[in-house]
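Here's the structure we're looking at; comments come further down.
The values are calculated or read from the model by the stated rules, or taken from the named source; none is laboratory data. Owing to the predicted nature of the structure, the values given are computational and were not obtained by experimental measurement. Because the Cβ atoms are built from the backbone with ideal geometry, glycine has one as well, and the counts that use them run over all protein chains shown.
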Amino acid sequence: MDMKTFTGEITRQTKGNSHVVNITQDVQALIRQSGIREGQLTAMVIGSTAALTTLEFEPGLVNTDVAAMMERIAPEDGAYVHEATWGDDNGHSHLRAALMGPSLAMPVVDGHAPLGTWQQVVLVDFDTRPRQRRVVVNIIGE
Amino acid sequence: MDMKTFTGEITRQTKGNSHVVNITQDVQALIRQSGIREGQLTAMVIGSTAALTTLEFEPGLVNTDVAAMMERIAPEDGAYVHEATWGDDNGHSHLRAALMGPSLAMPVVDGHAPLGTWQQVVLVDFDTRPRQRRVVVNIIGE
Amino acid sequence: MDMKTFTGEITRQTKGNSHVVNITQDVQALIRQSGIREGQLTAMVIGSTAALTTLEFEPGLVNTDVAAMMERIAPEDGAYVHEATWGDDNGHSHLRAALMGPSLAMPVVDGHAPLGTWQQVVLVDFDTRPRQRRVVVNIIGE
């Protein structure tokens with residue numbers, strides 16, 4: 001088989017404030033679309049106030065527990081020089097996103113990402129307002 | 001040289017509760033096995049309660065300090081909706097894993113991952129019980 | 001077009017103590033140098049007390065807010081077995097670096113990394129002294 005590379009994009013409307021969005025099906029669909037059976041996938045969210053990771057996509061973690069953990073790490077009403085400088089309200093959003101990280105690398109095996117049953121690919125939007133988010137995905141392999 | 005892709009797997013028995021396992025030799029062995037001298041490696045742990053990163057693999061960090069940091073971020077006896085919903089005890093495990101991240105991307109240079117002397121590739125199992133863990137690895141390059 | 005792989009390195013003098021260094025231009029320059037227009041990039045910092053992520057590179061976040069978040073997660077004057085064992089002072093540096101992560105994977109689109117306007121690639125040095133840091137970069141694609 002020939003080695004090739006494929007670029008795709010996932011676009012999602014988010015609500016901000018630690019909104020967790022399940023993009024697993026979008027990721028798996030892009031792999032199928034690429035025709036690549038074995039190789040690597042890299043996904044990156046554009047912007048500095050959102051992040052990618054994997055999570056069991058169930059309401060407790062998604063709607064409450066992730067946000068509560070992040071509130072301990074970078075509280076929403078904390079004092080941030082970022083906010084004092086720019087008259088902004090999303091200092092905590094930048095910090096949470098930088099810590100969790102904007103991108104995710106995954107192997108591609110037998111034409112899909114080999115996730116666990118309770119492991120979903122999620123986009124977490126830490127900004128303080130609704131955003132239109134773009135996740136750029138590249139797949140390379142054969 | 002020809003471009004190729006190689007898939008391998010690392011399997012480890014873990015004890016859970018922030019058990020840190022050194023998988024550096026397994027990673028370097030897979031690179032040797034692939035025959036790839038220059039390119040990229042992606043490793044991902046299957047499941048939503050474990051993570052991959054790099055760490056100096058010495059007893060202080062491995063047996064005490066990592067767990068103590070994680071206890072500040074997502075305490076074991078914290079109140080999690082995940083646990084209330086599912087009668088589970090591992091809400092903190094899911095949160096710690098999602099924050100540290102399930103995967104690791106690394107360059108391959110001269111047939112190995114160019115780690116520092118005190119920098120090891122580690123699997124951290126945050127679940128509350130022993131698990132059989134699978135880390136899927138893809139290497140691509142020439 | 002032919003598939004190829006390219007390896008480069010970014011070297012930076014850092015001050016330690018959560019020093020945030022903007023390496024975006026270095027990353028984009030390596031992509032141009034590679035001649036690769038579409039594919040994937042992986043960057044990894046060598047050593048266990050520094051990390052890579054993306055961040056809005058503005059003085060508030062860079063000089064104050066990131067360090068303040070990290071102080072909550074792994075305080076500089078905390079008690080670490082790592083320090084007691086080795087007579088060292090950088091237990092917090094190891095923990096912060098392991099949590100944020102040593103590497104970053106990014107898609108390459110139209111010959112550059114598709115970052116947001118306020119999203120920069122940064123090297124964060126958590127060590128307690130100035131260091132000469134090496135970031136190894138591999139780009140693969142066509």
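Among the residues of region B:114-136, the ones that are crowded, with 24+ Cβ neighbours inside 10 Å and more than 30 Å from B:D77 (Cβ to Cβ) come to 2 in all. Listed conditions (1) small (G, A, S); (2) in contact (Cβ under 8 Å) with a residue 40 or more places away in the chain; (3) not in a loop (DSSP other than H, G, I, E, B) are all met by C:G16, apart from (3). Could we say that B:R32 is assigned to a helix (DSSP H, G or I), farther than 24 Å from A:T54 by Cβ and not small (G, A, S) here? Judged against the criteria, B:R32 is a match. Can we say A:G116 is away from chain C (no Cβ under 14 Å) and either without any contact (Cβ under 8 Å) to a residue 24 or more places away in the chain or small (G, A, S) (or both)? Against the criterion (away from chain C (no Cβ under 14 Å) and either without any contact (Cβ under 8 Å) to a residue 24 or more places away in the chain or small (G, A, S) (or both)), A:G116 qualifies. Residue check: is C:V45 aliphatic (A, V, I, L, M), within 14 Å of chain A (Cβ to nearest Cβ) and touching a Lys or Arg at 6+ places or on another chain (Cβ under 9 Å)? Considered against the rule, which asks whether it is aliphatic (A, V, I, L, M), within 14 Å of chain A (Cβ to nearest Cβ) and touching a Lys or Arg at 6+ places or on another chain (Cβ under 9 Å), C:V45 comes out as yes. Just one of the listed residues (A:A74, A:A67, A:A97) is in contact with a Lys or Arg (Cβ under 6 Å, 6 or more places away or on another chain) and within 19 Å of B:H94 (Cα to Cα), namely A:A74.
Can we say A:T64 is of a type in the set (V, I, T), over 17 Å from the mean Cα position of the chain (by Cα), in a helix (DSSP H, G or I) and more than 25 Å from C:L104 (Cα to Cα)? Yes; evaluated as a whole, the condition is true for this residue. A search for C-beta distances below 7 Å between a residue of region C:54-75 that is within 23 Å of A:M44 (Cβ to Cβ) and any residue that is β-branched (V, I, T) and assigned to a strand (DSSP E or B), counting only pairs 6+ apart in sequence or on different chains, returns C:T54/C:V121; C:T54/C:V122; C:L55/C:V20; C:L55/C:V122; C:F57/C:V122; C:V62/C:V20; C:V66/C:V20; C:V66/C:V124. When residues in region B:69-82 are screened for being more than 18 Å from the chain's Cα centre (by Cα), buried (at least 16 other Cβ atoms within 10 Å of the Cβ) and part of a helix (DSSP H, G or I), 3 of them pass. Among the residues of region A:85-107, those identified as more than 7 Å from every other protein chain (Cβ to nearest Cβ), free of Cβ contacts under 8 Å to residues at least 12 places away in the same chain and not acidic (D, E) are A:W86, A:G87.
Only one of the numbered conditions (1) buried (at least 24 other Cβ atoms within 10 Å of the Cβ); (2) more than 9 Å from every other protein chain (Cβ to nearest Cβ); (3) not hydroxyl-bearing (S, T, Y) is violated by B:D65, and that is (2).
From the list A:A74, A:A68, A:A50, the one residue that fits, being touching a strand residue (DSSP E or B) at 6+ places or on another chain (Cβ under 7 Å) and of a type in the set (A, V, I, L, M, F, W, C), is A:A50. Condition check: among the hydrophobic types (A, V, I, L, M, F, W, C), more than 8 Å from every other protein chain (Cβ to nearest Cβ), closer than 29 Å to A:I36 by Cα and surrounded by 17 or more Cβ atoms within 10 Å (Cβ to Cβ). Does B:I36 satisfy that? In short, yes.
Just so you know, in region A:1-33 the residues that are closer than 30 Å to B:D2 by Cα and of a type in the set (V, I, T) include one that is surrounded by the fewest Cβ atoms within 10 Å (Cβ to Cβ), and it is A:T7.
Residues in region C:73-83 that are at the interface with chain B (Cβ under 7 Å from one of its Cβ atoms) and aliphatic (A, V, I, L, M): C:I73, C:A74, C:V81. Return yes or no: is C:S48 farther than 22 Å from A:A79 by Cβ, modelled with pLDDT of 95 or more and part of a loop (DSSP other than H, G, I, E, B)? Against the criterion (farther than 22 Å from A:A79 by Cβ, modelled with pLDDT of 95 or more and part of a loop (DSSP other than H, G, I, E, B)), C:S48 qualifies.
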